[in-house]
Amino acid sequence: MALAMVILALFLLLCFCAALLRWNEVRYSKKGLPPGTMGWPIFGETTEFLKQGPNFMKSQRARYGSIFKSHILGCPTIVCMDPEVNRYVLMNESKGLVPGYPQSMLDILGKCNIAAVHGSAHKLMRAALLSVVSPTMIKDRLLPKVDEFMRSHLRNWDRQIIDIQDKTKEMALCSSLKQIAGIESGPLSESFIPEFFKLVLGTLSLPIDFPGTNYRQGIQARKSIIKLLQKLIDERRASKTEKDDMLGFFMSEENKYKLKDEEIIDQIITVLYSGYETVSTTSMMAVKFLHDHPKVLQQLREEHLAIREKKNPEDPIDWDDLKAMKFTRAVIFETSRLATIVNGVLRKTTKDMELNGFLIPKGWRIYVYTREINYDSFLYSEPLTFNPWRWLDKNLESHNYFFIFGGGTRQCPGKELGIAEISTFLHYFVTKYRWEEVGGDKLLKFPRVEAPSGFHIRVSSY
């Protein structure tokens, strides 16, 4: 009798789950939508998406084609893996295809961050950001700070076993804090850094506001960071002294882009967030690829030794040196492509619209999935081979499907600053040290590139 009751309960549970899945499919079965599956109510297929990553995408594309529907990160979503359609989506914001980042990201990064706004507000925020990361700003104000920081950061690595993942994360965040707000190692950075790490984790979580969830911790971390930055702004305003950093430029009377404190804080958080992951992960993966490809390392090192030979030992990297690092730039681009630091970007429809013959409802997300484009043999010969020389052809950097740094009016405004940071790091690393992998460390490629147990290398003097 008891066994029969258990079997009946299991049968009823299976029937309920099947009915729930079927109800969710019917709920999103409007005429004209692309084929696909929607998974569970609320959660959708987020678990499969995050756990299986590229394999989930390939499986769905094999079943439904290069454009299919799903429900990921809390939103009904159209996943697009077609290069032509992706280009159209990225280049046509004015036709109702605005940024559509997950609610958790919008809540934690702030309503004024450049990824959340569009129209005239976006033009203002983008212009303000470009003004602080322009070539002139990099040349005159930021590059000297980057150089000074990198020299100090890489000073005592000889005969050490280091976790290059931790070192590049620390490098990316602390270098940005120095450039943006003049924050050096000390009590302020010690208060800021742990809160920032909670903020990062919260942005890629479901917006479930329960105690202990990454989302709740991310929201609380944002509040803590706002307090720290507002205190810094108030102190600077009270002292009436102008500082030579990004925050100082935002607050300067000379700055023609007048932003409120709330807008300044959101831009600072956005610059820190966007630069942190891309700079740290690209730097780590460049170290990995250079180790695995000695000929690439040899040419890169020759480029940097040639620059160093023209200088005294304590002379910093300058703008002309940076422009001369052509092979270094190629290594950075090839690392970003092959490692796929950014898998795609999200857009949201502001009205019902037709896309490649399908009808997309208002309010749906479109996930411009660019990962597979990076491995397209029509665009890149031998796409799974690490070949920086391909980028010495400048036409490749400007081709129609070059989405490594975004596309359209949403191309990353801090692209050149990020390249300057990674180039300076590589300059001091390859001219001072040689290294070998300790071994045994696992690298994950999705949803973000990371080594869960760290990525350890044995460093010695060059």
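The values are calculated or read from the model by the stated rules, or taken from the named source; none is laboratory data. Bear in mind the structure is a predicted one, so any value in this text is a computation, not a measurement. Don't worry about glycine lacking a Cβ; one is built from the backbone with ideal geometry, like all the others, and counts go over all protein chains shown. The area values use the complete protein model at the heavy-atom level, side chains included, leaving out ligands, DNA and RNA. Shrake-Rupley method; radii C 1.70, N 1.55, O 1.52, S 1.80 Å.
What about VAL438, is it surrounded by 21 or more Cβ atoms within 10 Å (Cβ to Cβ) and farther than 30 Å from ASP245 by Cβ? In short, no.
Taking the criterion of being assigned to a helix (DSSP H, G or I), of a type outside the set (A, V, I, L, M) and either within 24 Å of LYS178 (Cβ to Cβ) or open to solvent by 30 Å² or more (accessible area, probe 1.4 Å) (or both), the residues of segment 119-145 that qualify are SER120, LYS123, ARG126, SER131, PRO135, THR136, LYS139, ASP140, ARG141, PRO144, LYS145. Here is the figure for segment 86-116: residues that are of a type outside the set (Val, Ile, Thr) and assigned to a helix (DSSP H, G or I) total 14. Evaluation of LYS310 against the conditions (1) over 17 Å from ILE419 (Cα atoms); (2) in contact (Cβ under 8 Å) with a residue 24 or more places away in the chain; (3) surrounded by fewer than 21 Cβ atoms within 10 Å (Cβ to Cβ); (4) of a type in the set (Lys, Arg) shows that the sole unmet condition is (2). All conditions but one from (1) crowded, with 17+ Cβ neighbours inside 10 Å; (2) under 28 Å from THR46 (Cβ atoms) apply to LEU247; the one that does not is (2). Taking PHE425 as the residue in question, decide whether it is open to solvent by less than 40 Å² (accessible area, probe 1.4 Å) and in a helix (DSSP H, G or I). Here the answer is yes, as PHE425 does meet what is asked.
Filtered by the rule that a residue be touching a residue at least 40 places away in the same chain (Cβ under 8 Å), closer than 16 Å to THR270 by Cβ and assigned to a helix (DSSP H, G or I), segment 193-220 gives PHE196, LEU199, VAL200, GLY202, THR203, GLY218. The set of residues in segment 401-459 being among the polar types (S, T, N, Q) and modelled with pLDDT of 85 or more consists of SER423, THR424, THR431, SER453. Scanning segment 249-295 for residues that are small (Gly, Ala, Ser), at pLDDT below 85 and in contact with a helix residue (DSSP H, G or I) (Cβ under 6 Å, 6 or more places away or on another chain) yields a total of 1. Specify the residue that is most open to solvent (accessible area, probe 1.4 Å); the eligible residues are those in segment 146-184 that are assigned to a helix (DSSP H, G or I) and among the acidic types (Asp, Glu). So, considering only residues that are assigned to a helix (DSSP H, G or I) and among the acidic types (Asp, Glu), the one most open to solvent (accessible area, probe 1.4 Å) is GLU148. For residues that are within 28 Å of LEU247 (Cα to Cα) and open to solvent by 40 Å² or more (accessible area, probe 1.4 Å), tally how many sit in segment 76-118. So the answer is 6.
With respect to the conditions (1) open to solvent by 60 Å² or more (accessible area, probe 1.4 Å); (2) of a type outside the set (Val, Ile, Thr); (3) not in a loop (DSSP other than H, G, I, E, B), SER453 lacks only one, and its number is (3). From the list ALA9, ALA18, ALA4, ALA62, which one is over 23 Å from LYS362 (Cα atoms), at pLDDT 85 or above and among the hydrophobic types (A, V, I, L, M, F, W, C)? Testing whether each residue is over 23 Å from LYS362 (Cα atoms), at pLDDT 85 or above and among the hydrophobic types (A, V, I, L, M, F, W, C) leaves just ALA62.
The listed residues are TRP389, TRP364, and the only one of them that is open to solvent by 50 Å² or more (accessible area, probe 1.4 Å), of a type outside the set (Lys, Arg) and touching a residue at least 24 places away in the same chain (Cβ under 8 Å) turns out to be TRP389. Within segment 36-49, the residues that satisfy the criterion of being closer than 22 Å to VAL449 by Cα and buried (at least 16 other Cβ atoms within 10 Å of the Cβ) are GLU45, THR46, GLU48, PHE49. Annotation note: of SER191, SER205, the sole residue that is surrounded by fewer than 16 Cβ atoms within 10 Å (Cβ to Cβ), out of contact with any Pro (no Cβ under 7 Å at 6 or more places or on another chain) and more than 18 Å from SER280 (Cα to Cα) is SER191. Here ARG458 fits the description: open to solvent by 50 Å² or more (accessible area, probe 1.4 Å) and out of contact with any Cys (no Cβ under 6 Å at 6 or more places or on another chain). Of the helices (runs of 4 or more DSSP H) entirely within segment 300-417, those holding at least 2 residues that are closer than 26 Å to ILE78 by Cα occupy 326-339. Taking LEU73, is it within 26 Å of ILE419 (Cα to Cα), under 22 Å from the mean Cα position of the chain (by Cα) and of a type in the set (A, V, I, L, M)? No, not satisfied.
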